[in-house]
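K.L.:
Just dropping this structure here.
The values are calculated or read from the model by the stated rules, or taken from the named source; none is laboratory data. Nothing here was measured: the structure is a model prediction, and the numbers come from that model. A quick note on method: Cβ atoms are made from the backbone with ideal geometry, for glycine too, and the neighbour counts reach across all protein chains shown. Just so you know, the surface numbers come from the protein's heavy atoms only, side chains and all, with ligands and any DNA or RNA stripped out. Shrake-Rupley method; radii C 1.70, N 1.55, O 1.52, S 1.80 Å.
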Amino acid sequence: MTTLVLARHYVRQTFRVKAALVFGALQPVLFLVLFGPLFARSGVGSWEVLVPGLLVQLGLLSAGMSGFGIVFDQKFGVLERLRVTPASRMSLLLGRVAKDVLVLLVQAVALVGLGYAFGLRAPLPGVLLGLALLLLLAAALAALSYAVALSLNQEMFAPLMSTVLVPLILLSGALLPMSLAPGWLDVLSRLTPFRYVVDGLRALFAGHYTAPDALLGAGVAALFAVAGIAAATRRFHHENA
Amino acid sequence: MIHARGLSRTFTTKTGPVEAVRRLDIDVAAGEIVGFLGPNGAGKTTTLRMLTTLLRPTGGTATVAGHDLTAEPAKVRRRIGYVPQGGTMGPGALLGEELELQARLYGMGATAARDRVAEVLESLDLADLAARPAASLSGGQRRRADIAMGLLHAPALLFLDEPTTGLDPRARAALWDDVRRLRAERGLTVFLSTHYLDEADALCDRLLIVDGGRVAGAGTPAALKAEIGPAATLDDVFLSLTGRPLRAEAAA
Ligand SMILES: Nc1ncnc2c1ncn2[C@@H]1O[C@H](COP(=O)(O)OP(=O)(O)OP(=O)(O)O)[C@@H](O)[C@H]1O
Ligand SMILES: [Mg+2]
């Protein structure tokens, strides 16, 4: 209940500044428009391979940077104001995460729509299931992003996060399939959850709903969501008296 | 309303431990306005953050508004309001929206929250400003908005951290009037920190003078002054208790 009240508040606040929604999705959109046509012709893969990767890239960039919001809230006293109310610490986290997931959904739908305009042809159930996985991933990323933001000093968050996210995007195989990678890189890539989600999304976009990759991707995304939210909730509690 | 014994907080920093608050004993009765007077860095905010469940004490015990601080923080939160020193809203936040959110976090339904916000805005002379972003409010308006934030759920006990710092004399006097009126109308108990002697003198029934995280003296403004001499000011009191004037610190 409190979570919903908070989520609605944050959504209203976020959608008031529409430019922020666009900026958050700009990088994947640019990849789609300026790199996608090249990729689709290169013989490496099709739009059905690229768009799932760009969706995970979007998830990492958009949800991964969400902690930035709490940096400001902390600075302006908003966080203390909320924390002094009886609202549960978990709802203070989940209200924000719900907003981030919704923002990501809007951005992701726009990205998929744009993909269709360029030549993506994925079955609707596959796209929907893929988006569901993506939202789980985003929930975990957003929650962890807040936890990191609360644990660092204010100036550190943006530079640190943007530095960490780039290798994670590259290692996920979002831009080029990891099947092309040398062994060591493939191993490294398998150490991150994002690799499995990318592969899962690709399987779903290809219509292989029960392929091992799809199931593994779903399992990893769900586990990551539970673990991420649990860890972040602990961090939110830790701030307490 | 507040009973604290040996309340302490030590921060661990890179350069070693900082004993911000050292074994404070605090007693505040219902309906009192008690001032927590001390220079910059005396430990006022740290104490307030502990008493409002925002910061875990590293020592001591406290009951606030009838509940143990560390055992029942959620029950304490229900009964207290807190107006932090640094404000409560980001620059883009719309006053009415933020207040409604705050009311709902205290468990009010949508309609009740809207009505309550209108009522509190009215009583603090902010009624026309609900649709305004915080950045467009004057300092005095923003401070009253912060106070509105702490009053929505009609708390029994209100904590104010330097409520009038940065306000002009008229706005300060108006704010004091607001605090007095709230006490008169609702029996509100107020615990406020300040480094202004005139504020302590004009507004508070009782003072705790704090310096270096310790209580250096306590009593009514009149009693504190009487201890020093017939013509003493609170300034003299502060000087005699801590060995230094408050003014220089406050100006820093
Ligand atoms: N998070 C923290 N980490 C380390 N030291 C801290 C922290 N918060 C406060 N302190 C230190 O504790 C001491 C008391 O700080 P506090 O903010 O309680 O003072 P104050 O009386 O509110 O001062 P002011 O009038 O400037 O607001 C200061 O020396 C301060 O540097
Ligand atoms: Mg302070």
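K.L.:
Inspect the range B:95-105 for any residue being more than 10 Å from every other protein chain (Cβ to nearest Cβ), more than 17 Å from the chain's Cα centre (by Cα), more than 16 Å from ligand 1 (Cβ to nearest atom) and open to solvent by 60 Å² or more (accessible area, probe 1.4 Å) and give the result as yes or no. Write out each step before concluding.
P.N.:
Our first condition is that a residue be more than 10 Å from every other protein chain (Cβ to nearest Cβ); within the range B:95-105, this holds for B:95-96, B:99.
Keeping just the survivors that are more than 17 Å from the chain's Cα centre (by Cα) gives B:95-96, B:99.
Within this subset, residues satisfying the condition of being more than 16 Å from ligand 1 (Cβ to nearest atom) are B:95-96, B:99.
After this cut, where a residue has to be open to solvent by 60 Å² or more (accessible area, probe 1.4 Å) as well, the list is none.
Taking every residue of the range B:95-105 in turn, none turns out to be more than 10 Å from every other protein chain (Cβ to nearest Cβ), more than 17 Å from the chain's Cα centre (by Cα), more than 16 Å from ligand 1 (Cβ to nearest atom) and open to solvent by 60 Å² or more (accessible area, probe 1.4 Å).
K.L.:
Something else about it: Going by what's in this entry, would B:A135 be described as within 15 Å of the chain's Cα centre (by Cα) and assigned to a helix (DSSP H, G or I)?
P.N.:
Numbers: within 15 Å of the chain's Cα centre (by Cα): no; assigned to a helix (DSSP H, G or I): yes.
Against the criterion (within 15 Å of the chain's Cα centre (by Cα) and assigned to a helix (DSSP H, G or I)), B:A135 does not qualify.
K.L.:
Right, another one. Which residue out of B:L182, B:L167, B:L175 is surrounded by fewer than 23 Cβ atoms within 10 Å (Cβ to Cβ) and in contact with a Ser or Thr (Cβ under 7 Å, 6 or more places away or on another chain)?
P.N.:
On the way: B:L182 fails: in contact with a Ser or Thr (Cβ under 7 Å, 6 or more places away or on another chain); B:L167 fails: in contact with a Ser or Thr (Cβ under 7 Å, 6 or more places away or on another chain).
Residue meeting the stated conditions: B:L175.
K.L.:
When only residues in the range B:1-18 that are among the charged types (D, E, K, R) and away from ligand 2 (no atom under 16 Å from the Cβ) count, which is surrounded by the most Cβ atoms within 10 Å (Cβ to Cβ)? Step through it out loud before you land on a result.
P.N.:
We begin by selecting, within the range B:1-18, every residue among the charged types (D, E, K, R); these are B:5, B:9, B:14.
From what's left, away from ligand 2 (no atom under 16 Å from the Cβ): B:5, B:14.
Numbers: B:R5: 14, B:K14: 4.
Residue satisfying both the conditions and the ranking: B:R5.
K.L.:
What are the residues in the range B:106-148 that are touching a residue at least 24 places away in the same chain (Cβ under 8 Å), within 12 Å of chain A (Cβ to nearest Cβ) and exposed (fewer than 14 other Cβ atoms within 10 Å of the Cβ), if any?
P.N.:
Across the range B:106-148, the qualifying residue is only B:A135.
K.L.:
Right, next: Within the range B:44-60, identify whether any single residue is more than 14 Å from chain A (Cβ to nearest Cβ) and either within 15 Å of ligand 1 (Cβ to nearest atom) or in contact with a Lys or Arg (Cβ under 6 Å, 6 or more places away or on another chain) (or both), and answer yes or no.
P.N.:
Restricting attention to the range B:44-60, the residues satisfying the condition of being more than 14 Å from chain A (Cβ to nearest Cβ) are B:44.
The next check asks that each one be either within 15 Å of ligand 1 (Cβ to nearest atom) or in contact with a Lys or Arg (Cβ under 6 Å, 6 or more places away or on another chain) (or both); those that pass are B:44.
Yes, the conditions are met somewhere in the range B:44-60.
K.L.:
Can I ask one more? Can we say B:L24 is within 16 Å of ligand 2 (Cβ to nearest atom) and within 10 Å of another protein chain (Cβ to nearest Cβ)? Don't jump to the end; show me each part of the working.
P.N.:
Working: within 16 Å of ligand 2 (Cβ to nearest atom): yes; within 10 Å of another protein chain (Cβ to nearest Cβ): no.
Judged against the criteria, B:L24 is not a match.
K.L.:
Taking into account only those residues within the range B:45-56 that are open to solvent by 10 Å² or more (accessible area, probe 1.4 Å) and modelled with pLDDT of 95 or more, which is nearest to ligand 2 (Cβ to nearest atom)?
P.N.:
First, pick out the residues of the range B:45-56 that are open to solvent by 10 Å² or more (accessible area, probe 1.4 Å): B:45-46, B:49, B:55-56.
Keeping just the survivors that are modelled with pLDDT of 95 or more gives B:45-46, B:49.
Values: B:T45: 3, B:T46: 8, B:R49: 9 Å.
Among them, the one singled out is B:T45.
K.L.:
Hey, another quick one. In the range B:188-202, which residues are touching a residue at least 40 places away in the same chain (Cβ under 8 Å) and open to solvent by 40 Å² or more (accessible area, probe 1.4 Å)? Reasoning before the result, please.
P.N.:
As a first pass, look at the range B:188-202 and keep what is touching a residue at least 40 places away in the same chain (Cβ under 8 Å): B:188-197, B:199-200.
Across the range B:188-202, the qualifying residue is only B:Y196.
K.L.:
Within the range B:187-243, track down each residue that is of a type outside the set (V, I, T), more than 16 Å from ligand 2 (Cβ to nearest atom) and either part of a loop (DSSP other than H, G, I, E, B) or within 14 Å of chain A (Cβ to nearest Cβ) (or both).
P.N.:
B:G187, B:L188, B:C204, B:D205, B:G229, B:P230, B:A231, B:A232, B:G243
K.L.:
Okay, moving on. Name the residues in the range B:78-94 that are more than 7 Å from chain A (Cβ to nearest Cβ), more than 15 Å from ligand 2 (Cβ to nearest atom) and of a type in the set (A, V, I, L, M), would you?
P.N.:
As a first pass, look at the range B:78-94 and keep what is more than 7 Å from chain A (Cβ to nearest Cβ): B:79-81, B:83, B:85, B:91-94.
Next cut, more than 15 Å from ligand 2 (Cβ to nearest atom) only: B:79-81, B:91-94.
Those that are more than 7 Å from chain A (Cβ to nearest Cβ), more than 15 Å from ligand 2 (Cβ to nearest atom) and of a type in the set (A, V, I, L, M): B:I80, B:A93, B:L94.
K.L.:
When you go through (1) open to solvent by less than 30 Å² (accessible area, probe 1.4 Å); (2) in contact with a helix residue (DSSP H, G or I) (Cβ under 9 Å, 6 or more places away or on another chain); (3) within 16 Å of ligand 1 (Cβ to nearest atom) one by one for B:R77, which number turns out not to apply?
P.N.:
For B:R77, the failing item is (3).
K.L.:
Within the set of pairs 6 or more residues apart or between chains, which connect a residue that is under 20 Å from A:S91 (Cβ atoms) inside the range B:62-86 to a residue that is away from ligand 1 (no atom under 16 Å from the Cβ) and in a strand (DSSP E or B) with Cβ atoms less than 6 Å apart?
P.N.:
Within 6 Å, the pairs are B:K75/B:H67; B:V76/B:V64; B:V76/B:H67; B:I80/B:L157; B:G81/B:L158.
K.L.:
In addition: For the range A:23-103, give me every one of the helices (runs of 4 or more DSSP H) that falls completely inside it and has 3 or more residues that are within 14 Å of chain B (Cβ to nearest Cβ).
P.N.:
On the way: elements: A:36-42, A:47-64, A:67-75, A:78-83.
Once the helices (runs of 4 or more DSSP H) in the range A:23-103 are filtered for at least 3 residues that are within 14 Å of chain B (Cβ to nearest Cβ), what remains is A:67-75, A:78-83.
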